[in-house]
Amino acid sequence: MPDKIISREGLLHIAKLARINLLPAEEEKLLHDLQDILNHFEELNELDTSKVVPVNGGTYLKNIFREDSYPLGSRQGAGKNQFPKEQGGFLKVPPVFKKSEDKA
Amino acid sequence: MTISEFNKGLRNKEFSASEAVKKLYQKIKSEDPTIGAFLTLLPDLAIAQAQKIDSVIAKGENLPPLAGVPLAVKDIILIEGQACTAASKILEHYTASYDATVIKKLKEQEVIFVGKTNLDEFAMGSSTENSALQITRNPHDLERVPGGSSGGSAAAVAAGFALGALGSDTGGSIRQPAAFCGVVGLKPTYGAVSRYGLMAMASSLDQIGPFANSVEDASLLFQAIRGEDKFDSTSTPADDGQDLIAPDFSALKNMTLGIPSEYFESGMENNMAKAMEQVKEQLQDLGVKFVPVSLPHTKYSLSTYYIIQPAEVSANLARYDGVRYEGVMPAEYLPNDLQELYFESRGKGLGAEVKRRIILGTFVLSSGYHDAYYKKAQQVRALIVKDFEDAFQKADVIFAPVTPHTAFKIGEKSNDPLSMYLEDAYTLPVNIAGLPGLSIPARVKSDMPIGFQLIGKRFREADILGLGQLYEKEIPPPSL
């Protein structure tokens with residue numbers, strides 16, 4: 001059983017991909033928990049699955065199409081009031097690029 | 001009281017819907033502060049709906065069988081215009097902008113929605129302790145958890161705050177709390193009930209289902225919510241050849257139940273094993289036959305599930321970015337850029353278990369690890385599906401426990417995620433295979449409620465609900 005599957009650097013990289021800020025205490029606990037959980041997953045290597053077709057999704061249904069139709073509903077814009085900030089009919093978010101990058 | 005008794009009382013004018021609602025809220029106001037089943041109560045909606053029903057009855061017009069039935073709804077299913085938090089800080093101020101399909105269908109049945117119930121944050125957990133908003137206690141013992149993730153819904157029905165409830169089950173989140181709280185819980189076949197308006201957690205596993213006081217009530221609720229929906233492409237048309245409400249009991253007595261040896265070998269506490277033996281004898285007395293079956297890949301279910309489920313979680317929960325669904329950061333917070341807002345909002349707004357699963361899911365999907373974990377798990381999933389297909393060659397229905405023991409104490413497992421994950425060992429293979437599973441209170445003497453599980457073939461809810469109704473009709477509840 002490998003004793004270390006995920007390193008601290010690895011965890012921080014994954015947290016960055018997941019867009020989550022971690023506090024130092026959270027980092028410690030997560031490193032420990034993930035190591036436990038990933039070690040448990042090692043049991044799957046007991047199984048030879050080289051000839052098994054993976055199951056994708058939970059259903060046997062395939063290619064669910066419907067006729068194109070308009071309108072499906074009149075709910076467009078219903079989620080707009082869930083945005084905290086709005087200006088002149090536009091949804092307001094912080095700048096995508098940092099101010100310093102703007103100047104560069 | 002059951003739904004049919006309520007319906008009869010209403011039609012015979014033994015009580016009005018308004019009186020019933022008023023009494024119910026008095027009970028909730030005095031008892032729920034101790035139990036903590038509800039996150040939001042909907043008295044305005046409920047009273048208006050009750051008055052509408054009373055005026056229809058006064059005119060002597062007909063009503064659907066679920067009319068006026070007070071129901072609780074897990075706070076991860078949307079009701080238009082009402083708060084829906086998923087018990088998460090990141091959605092604490094969110095108001096739903098549309099009705100889930102199950103809500104729309106139940107509104108057509110003229111039910112009364114009493115309130116929204118507590119859950120483990122985003123339905124991740126087995127005790128409802130992961131709720132970021134409050135603790136829910138088991139009505140049978142306030143020191144113990146109600147189970148989870150639909151713990152609030154199970155507790156609401158067990159405490160008599162509602163005649164039924166909706167929950168969602170991704171790895172056992174309906175059946176396990178039903179067993180812990182001594183009520184009936186049904187996880188329908190994957191695709192039997194539309195998930196439109198259920199906040200997506202793990203899309204290849206999630207399913208909505210009912211809680212109730214009896215299997216007949218669960219059947220009534222399932223009948224009302226099932227069927228194809230153009231807004232959920234995984235939903236399938238209801239098989240109307242199945243009689244859910246008035247089953248053919250003599251045919252059901254000829255059924256063969258499979259006993260999977262892997263479920264009974266180890267892991268169960270003594271009182272649970274003894275109760276399963278008693279239930280088996282009760283069912284045999286009714287004429288049902290038992291045959292041994294084997295589900296050889298059962299031991300790999302936990303690892304399979306905890307790879308696939310977090311992987312899907314990490315994708316589905318990317319939408320909670322702190323911009324949509326109302327923000328989580330204070331108004332005076334001014335980030336330098338958009339990414340900083342995402343990182344801060346998710347860091348502050350998501351709880352420990354949710355972060356753990358997002359990180360785990362991101363890891364198993366990440367470059368270099370995808371084949372070793374995610375693809376491997378999908379392959380083992382195929383083996384688990386095949387196990388059940390083979391077992392159903394020999395048996396009509398599979399008999400199993402729901403939980404390895406009765407409800408545990410609050411705080412007992414909350415710091416050890418792996419031991420919490422092991423709680424679902426008997427329920428999550430059913431989700432992996434997309435099958436229907438029914439948790440029924442065992443009619444045996446016990447200090448805390450014990451549930452047993454009937455697992456059916458795909459879309460054969462009629463088999464397990466029919467057998468459950470047979471059990472409740474013929475086996476008397478234990479005398480206290």
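Figures for the structure shown
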| read-out | value |
| --- | --- |
| Residue mean of other protein chain beta carbons inside 10 Å, B:372-383 | 5 |
| Cα centroid separation, the range B:226-264 to the range B:22-73 (Å) | 30 Å |
| FRET efficiency, 1/(1 + (r/R0)^6) with R0 35 Å, evaluated for B:N62 and B:S250 via beta carbons | 0.65 |
| Rg to Rh quotient for the range B:1-113, alpha carbon positions, Kirkwood Rh | 0.99 |
| Peptides B:252-263, B:374-385, B:187-198 ordered by average Cβ neighbours within 10 Å, highest first | B:187-198, B:374-385, B:252-263 |
| Residue-wise HN-Hα coupling along the range B:415-421, computed from phi with Karplus coefficients 6.51, -1.76, 1.60 (Hz; x: Gly, Pro) | 9, 10, x, 5, 5, 5, 5 |
| Mean-position separation - Cα centroids, the range B:425-470 and the range B:106-178, in angstrom | 18 Å |
| DSSP-defined antiparallel bridges as percent of all bridges, chain B, nearest 5 | 65 percent |
| Cross-link table A:K80/B:K52; A:K4/B:K375; A:K62/B:K289; A:K62/B:K187; B:K104/B:K253, entries beyond 30 Å C-alpha to C-alpha | A:K80/B:K52; A:K62/B:K289; B:K104/B:K253 |
| More than 22 Å apart - percent of Cα-Cα pairs taken over the range B:88-227 | 31 percent |
| Descending semi-axes in whole angstrom, ellipsoid equivalent of the protein assembly as shown, from the Cα gyration tensor | 37, 31, 22 |
| Cβ-placed point charges (K, R +1; D, E -1), dipole of the protein assembly as shown about Cα centre in debye, nearest 20 | 900 debye |
| Sum of side-chain charges, A:P84 neighbourhood, beta-carbon under 14 Å (Lys, Arg +1; Asp, Glu -1) | -2 |
| Estimated translational D of chain B in µm²/s (Stokes, Kirkwood radius over Cα pairs; 4 °C; 1.567 mPa s) | 58 µm²/s |
| Residues whose placed amide H lies under 5 Å from that of B:T40, excluding near-sequence neighbours | B:K116 |
| Cα Rg over Rh - the range B:300-377, Kirkwood | 1.08 |
| Simple label model, 7 Å out from Cα along Cβ direction - B:S261 to B:S367, nm | 4.8 nm |
| Label-point gap, in nm, between B:T34 and B:D447 - each point 7 angstrom along Cα→Cβ | 1.9 nm |
| Principal axes of the range B:23-178: Cα extent on each, largest first, Å | 47, 33, 25 |
| Student exercise, chain B dipole from Lys, Arg, Asp, Glu Cβ charges, in Debye to nearest 20 | 160 debye |
| Within the range B:300-377: Cβ-based charge dipole about Cα centre, in debye rounded to nearest 20 (Lys, Arg +1; Asp, Glu -1) | 400 debye |
| Given B:K355/B:K457; B:K89/B:K230; A:K92/B:K348; B:K74/B:K105; A:K16/B:K355, the pairs whose alpha carbons are separated by over 24 Å | B:K355/B:K457; B:K89/B:K230 |
| Vicinal HN-Hα couplings computed from phi for the range B:434-451 (Karplus, 6.51 cos²θ - 1.76 cosθ + 1.60; Hz; Gly/Pro x) | x, 8, x, x, 10, 9, 10, x, 6, 8, 9, 6, 6, 5, 10, x, 10, x |
| Amide H contacts of B:V293 (H built 1.01 Å from N, under 5 Å, at least 5 apart or other chain) | B:I259, B:S261 |
| Chain B: calculated mean residue ellipticity at 222 nm from DSSP helix runs of at least 4, using -39500 (n - 2.57) | -12000 deg cm²/dmol |
| Under Karplus coefficients 6.51, -1.76 and 1.60, residue-wise ³J(HN,Hα) of the range A:31-45 in Hz, glycine/proline x | 4, 5, 4, 5, 4, 4, 5, 5, 4, 4, 5, 4, 4, 5, 6 |
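Throughout, read-outs are computed from the coordinates displayed, never taken from laboratory work. The model shown is predicted, which means the values in this text are computed figures rather than measured ones. Every residue, glycine as well, gets a Cβ built from its backbone with ideal geometry; the counts of neighbours run over all protein chains shown.
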